[in-house]
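Heads up: the structure comes next, in structure tokens.
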Amino acid sequence: MKKPFTLIEILVAMSILSVFLLGLMQFYSTTESVLSSGVDRSEMFERARVAMDMMANDLTCIYYSQSEGAQAFRSSSAGSDNGYFEAVTVRPEKLNPDAKTSIVAVKYEVGSSSGGGNSLYYSYDSKGDNFSVSGASFGNKTELVEGVTRFSVRTISEGNSLPALVVIRLELLDSKSLKRIKANSALKDTITKNPANVREFRRMIVIDRGQPKPPASKTGS
């Protein structure tokens, strides 16, 4: 007949099992946190990629006619956190069925979102045939990306009517922080001011669509 376990042996076995289960739960919690953080980061990168690609496409396809003397680009000052830019661009398809051409004026700007934070919006010239941003009449805004804490536009010019280079800076909240603001908008300032919740993205776009070049310097004979 086998000797039964003593109370001490049972307590020791239960203690070992408890330590093992506690470690397993800690491992599971850590793994879940890492996976959740990875998903949030992936969502944030995807939001930034979509926004940057769309803006870069509109800027690289800027339409500029020197003979018409049109203003094809306009932007806010470089130091503005909630900046904007407007550009006359070429779209592969007409955005407005009443438009006479696929050349349209587009505007990107930051505004308040229904979730309590800020979002980046874009809108197009409602007429669809305006070759200048100065006379454009922009229609309804469409939300492009939410969770924006900063959107600034800096230009580098070479004395031409169009900038030679446009540098876009976009700062976004991670998905977890964005969800917290949506749940409680009173936390907006606290969350957005924490650098750990924000990620910065930059894109440099070279503009070269036949804009006039500065005259070549003359050398002495």
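Readers should treat all values here as calculations from the given coordinates under stated rules, not as data from a laboratory. The model shown is predicted, which means the values in this text are computed figures rather than measured ones. As a convention, Cβ positions derive from the backbone with ideal geometry for all residues, glycine included, and neighbour counts pool all protein chains shown.
Between residue 185 and residue 42, how many nm apart are label points set 7 Å from Cα along the C-beta direction?
3.2
Would you kindly state how much longer the chain becomes between residue 204 and residue 134 on full extension, computed as 0.36 nm times their sequence separation minus their alpha carbon distance, in nm to one decimal?
In short, 22.8 nm is gained.
At a 10 angstrom cut-off on C-beta neighbours, averaged per residue, how do the peptides 166-175, 11-20 rank from highest to lowest?
Going from most to least packed, we get 166-175, 11-20.
Under a point spin-label approximation (7 Å from Cα along Cα-to-Cβ), what is the residue 155-residue 22 distance to one decimal in nm?
A separation of 6.4 nm, rounded to one decimal place.
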